[in-house]
Amino acid sequence: MNSSRIWLEREMAAFAGGLPAGAVVLDAGAGDQPYRHLFAHCTYESADFEKVDKPYARSTYVCDLAHIPVEDARYDAVVFSQVMEHLPDPAAVLAELARVLRPGGRLFYSGPLFYEEHEQPYDYYRYTQFAVRLLLQRGGFTVVQLRWLEGYLGTCAYQLERMSSHLPRRPADFGGGLTGVAAAVAARAARPLCKLCAKVLYWLDARHRFTQAGYPKNWLALADKPA
């Protein structure tokens, strides 16, 4: 279980469900297009540069997202999910997404605040809520919502999940000596406990988002291009 993916699926389904039949949608940085099925009632198009060593679904446009080969105001909605951290020039891409979105159209954004490096070497930034808002506004969007994607329990679960596989095992990793031996024994014992706690917290986070303290793993934003 990964509560971030569960909440993203829920939020994406709500976004897609609010679009009318026949709406033209761009999935920008779509990868393997995991949410395409949610837009079955729409005209779905995708764009990706397809340079990361990972599986891709067939993109409508293989291109730099700063230069999408379509006319102005083509799309009624744009999906821009888990992409901005991979862009060396996010401002240029947001300006391009504003160009291809019709006036009054809506952009769906999600992206990490707290997450390990991934899809190297194409991983450049992590964004606070203030950076997300500023970049969207400078790109020509009006921010309608900006909030946590998952709750703090999901963030804790993610860290515990990483600990279950990354906690050091050797006494030398803790500086050696008797203290190092004791720490290595404790770390080995903690690994399965961390994994179990992560599963429980993921389940609790998928059940209810706790957002009164702590911080999210990802931000979610909805932003409109002014009419």
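The values are calculated or read from the model by the stated rules, or taken from the named source; none is laboratory data. Fair warning: this is a prediction, and the values are worked out from it, not measured in the lab. Positions of Cβ are backbone-derived with ideal geometry, glycine not excepted, and every protein chain shown enters the neighbour counts. Only protein heavy atoms, including side chains, enter the accessible area calculation; ligands, DNA and RNA are left aside. Shrake-Rupley method; radii C 1.70, N 1.55, O 1.52, S 1.80 Å.
Annotations
- Residue within the range 65-79 that is closer than 17 Å to Ser4 by Cβ, touching a residue at least 24 places away in the same chain (Cβ under 8 Å) and in contact with a Pro (Cβ under 8 Å, 6 or more places away or on another chain) present: no
- Some residue of the range 111-125 being within 30 Å of Gly151 (Cβ to Cβ), of a type in the set (Ser, Thr, Tyr), crowded, with 20+ Cβ neighbours inside 10 Å and under 14 Å from the mean Cα position of the chain (by Cα): no
- Enumeration of residues in the range 126-146 that are open to solvent by less than 70 Å² (accessible area, probe 1.4 Å) and assigned to a loop (DSSP other than H, G, I, E, B): Tyr127, Thr128, Gly139, Gly140, Phe141
- Candidates are the residues of the range 147-171 that are among the hydroxyl-bearing types (Ser, Thr, Tyr) and open to solvent by 40 Å² or more (accessible area, probe 1.4 Å); the one that is farthest from Val93 (Cα to Cα) is Ser165.
- Output for the range 93-110, where each listed residue is open to solvent by 70 Å² or more (accessible area, probe 1.4 Å) and touching a Leu at 6+ places or on another chain (Cβ under 8 Å): Arg106
- Scan of the range 194-227 for residues that are open to solvent by 80 Å² or more (accessible area, probe 1.4 Å) and either under 30 Å from Gln137 (Cβ atoms) or in contact (Cβ under 8 Å) with a residue 24 or more places away in the chain (or both), ordered by number: Lys195, Lys199, Trp203, His208, Gln212, Tyr215, Ala227
- Residue match in the range 179-191 (condition: among the polar types (S, T, N, Q) and in contact (Cβ under 8 Å) with a residue 12 or more places away in the chain): no
- Taken as a whole, the condition of being among the hydrophobic types (A, V, I, L, M, F, W, C) and closer than 30 Å to Pro103 by Cα applies to Ala223.
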